[in-house]
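Read through the structure below, which is laid out as structure tokens, and then see the notes.
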Amino acid sequence: MEEIYSRNWFYVTLEEQAIIKKCRILLGGAGIGSNIAECALRFGFEKITIVDGDTVESTNFNRQNFEEKDLGRYKSEVLAERLLRINPNADIQYHTCFIDSYNVNEFVAGHQIAINAIDYNSDVPFLFDTACRQANVSILHPFNIGWAGFITVITPESLPFSLISQTFEGFEVKMLEYVTQYCHYWHKPKRWLDNILQSYKNQKTEDLPVPQLAVASWIVAGYCTQLMYHLCTGKPVKPFPKFYLASVLDE
């Protein structure tokens with residue numbers, strides 16, 4: 001095993017490390033994706049394509065993998081530079097543009113796994129999912145719920161994530177409603193999540209950004225990295241409509 005991954009030995013075989021190294025990941029969105037990318041690279045995923053036309057703002061610092069010196073620069077470019085400082089031999093590609101209906105198929109082509117970390121301010125996340133499913137690419141959806149991380153796995157055979165909603169307006173709230181309803185249906189209610197959802201609805205949030213914390217960003221980074229490892233090496237995962245929800249509040 002390469003020295004850089006020598007501490008992986010107990011958990012990852014030599015054969016698996018080689019598979020991971022060759023697996024190409026498409027990162028749609030470099031916000032929460034910035035945390036996922038670094039965790040994945042340190043684990044051994046060395047082929048990562050980053051697509052995001054957004055630039056770094058100071059409001060990103062509470063949860064995303066950027067620094068003050070990055071202000072005003074493209075997130076995808078800054079993230080690519082950071083990853084290459086960690087592993088100069090990695091194959092990191094970046095594009096300083098947004099994914100849209102005109103370029104989505106081109107970006108999806110040639111990748112094995114995609115991270116859908118695109119903001120729900122348009123129908124692009126749905127278009128991204130459709131393009132990935134048509135190209136036989138599995139998709140991970142990470143969400144930051146402050147003290148908790150939420151991740152779904154969409155495969156070409158699973159139900160689509162658009163099952164939650166056909167429109168992007170208010171999607172984050174609809175997603176939380178889906179999770180709480182799912183938990184209640186299976187008699188495993190998450191009271192803390194019920195309280196978060198109700199409190200959020202009680203706020204006048206129309207002009208406020210969705211609240212997020214670094215805690216959840218790193219939770220989903222670890223979960224997504226392990227799920228990508230499972231997908232690459234043929235280990236089982238829970239496809240949507242099942243999901244992964246992690247928080248110490250569940251203890």
Exercise. Inside the range 146-163, can you point out the residues that are within 17 Å of Lys242 (Cβ to Cβ) and crowded, with 16+ Cβ neighbours inside 10 Å?
Worked result: Ala148, Gly149, Phe150, Ile151, Thr152, Val153, Ile154, Thr155, Ser158, Phe161, Ser162
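I need the full set of residues from the range 54-76 which are aliphatic (A, V, I, L, M) and surrounded by fewer than 21 Cβ atoms within 10 Å (Cβ to Cβ), in order please. Full working, then the answer.
Here is the first cut: in the range 54-76, the residues aliphatic (A, V, I, L, M) are 56, 71.
If the condition is that a residue be aliphatic (A, V, I, L, M) and surrounded by fewer than 21 Cβ atoms within 10 Å (Cβ to Cβ), then Leu71 is the only one that fits.
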Exercise. (1) assigned to a strand (DSSP E or B); (2) more than 21 Å from Arg24 (Cβ to Cβ): which one isn't true of Tyr182, the others all being true?
Worked result: (1)
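Of the residues Lys188, Lys174, Lys204, Lys242, which single one is among the charged types (D, E, K, R) and either in contact with a His (Cβ under 8 Å, 6 or more places away or on another chain) or modelled with pLDDT of 95 or more (or both)? Steps first, answer last, please.
On the way: Lys188 fails: either in contact with a His (Cβ under 8 Å, 6 or more places away or on another chain) or modelled with pLDDT of 95 or more (or both); Lys174 fails: either in contact with a His (Cβ under 8 Å, 6 or more places away or on another chain) or modelled with pLDDT of 95 or more (or both); Lys204 fails: either in contact with a His (Cβ under 8 Å, 6 or more places away or on another chain) or modelled with pLDDT of 95 or more (or both).
Result of the check over Lys188, Lys174, Lys204, Lys242: Lys242.
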For this session: Determine whether the range 137-145 contains at least one residue that is in a helix (DSSP H, G or I), of a type outside the set (Lys, Arg) and crowded, with 19+ Cβ neighbours inside 10 Å.
Result: no
For this session: Answer yes or no as to whether Asn121 is farther than 17 Å from Ser247 by Cα, loosely packed, with under 13 Cβ neighbours inside 10 Å and under 19 Å from the mean Cα position of the chain (by Cα).
Result: yes
Exercise. Out of all the residues in the range 170-191, which are free of Cβ contacts under 8 Å to residues at least 12 places away in the same chain and either under 16 Å from Pro211 (Cα atoms) or among the charged types (D, E, K, R) (or both)?
Worked result: Gly170, Lys174, Lys188, Arg191
Exercise. In this structure, does Phe143 turn out to be of a type in the set (A, V, I, L, M, F, W, C) and farther than 19 Å from Tyr94 by Cα?
Worked result: yes
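Within the range 84-106, work out how many residues are among the aromatic types (Phe, Trp, Tyr), in a loop (DSSP other than H, G, I, E, B) and in contact with an Asp or Glu (Cβ under 9 Å, 6 or more places away or on another chain). Can you show your working first?
Of the range 84-106, the ones among the aromatic types (Phe, Trp, Tyr) are 94, 98, 102.
Right, trim to in a loop (DSSP other than H, G, I, E, B) and you get 98, 102.
Retained after the next criterion (residues that are in contact with an Asp or Glu (Cβ under 9 Å, 6 or more places away or on another chain)): 98.
The qualifying residues number 1.
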Problem set entry | the range 126-149 residues that are free of Cβ contacts under 8 Å to residues at least 24 places away in the same chain, paired with ones that are of a type in the set (Gly, Ala, Ser) and crowded, with 20+ Cβ neighbours inside 10 Å (beta carbon under 8 Å, 6 or more apart) | none
For this session: List every residue pair whose Cβ atoms sit under 9 Å apart, with the two residues 6 or more apart in sequence or on different chains, where the first one lies in the range 206-226 and is farther than 12 Å from Gly33 by Cα and the second, anywhere, is surrounded by 14 or more Cβ atoms within 10 Å (Cβ to Cβ) and acidic (Asp, Glu).
Result: Val210/Glu172
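Considering only residues that are assigned to a loop (DSSP other than H, G, I, E, B) and either over 13 Å from Pro211 (Cα atoms) or not basic (Lys, Arg) (or both), which ones fall in the range 59-78?
Of everything in the range 59-78, those that are assigned to a loop (DSSP other than H, G, I, E, B) and either over 13 Å from Pro211 (Cα atoms) or not basic (Lys, Arg) (or both) turn out to be Phe61, Asn62, Gln64, Asn65, Phe66, Glu67, Leu71, Gly72, Arg73.
Give the residue, chosen from Leu14, Leu41, that is surrounded by fewer than 20 Cβ atoms within 10 Å (Cβ to Cβ) and either in contact with a Ser or Thr (Cβ under 6 Å, 6 or more places away or on another chain) or modelled with pLDDT of 95 or more (or both). Working first, answer last.
Values: Leu41 fails: surrounded by fewer than 20 Cβ atoms within 10 Å (Cβ to Cβ).
Within the list Leu14, Leu41, the selection yields Leu14.
The values are calculated or read from the model by the stated rules, or taken from the named source; none is laboratory data. Only a predicted model underlies this, so the values are computations on that prediction, with no experimental measurement involved. Using ideal geometry, Cβ is built from the backbone for each residue, glycine included, and neighbour counts are taken over all protein chains shown.
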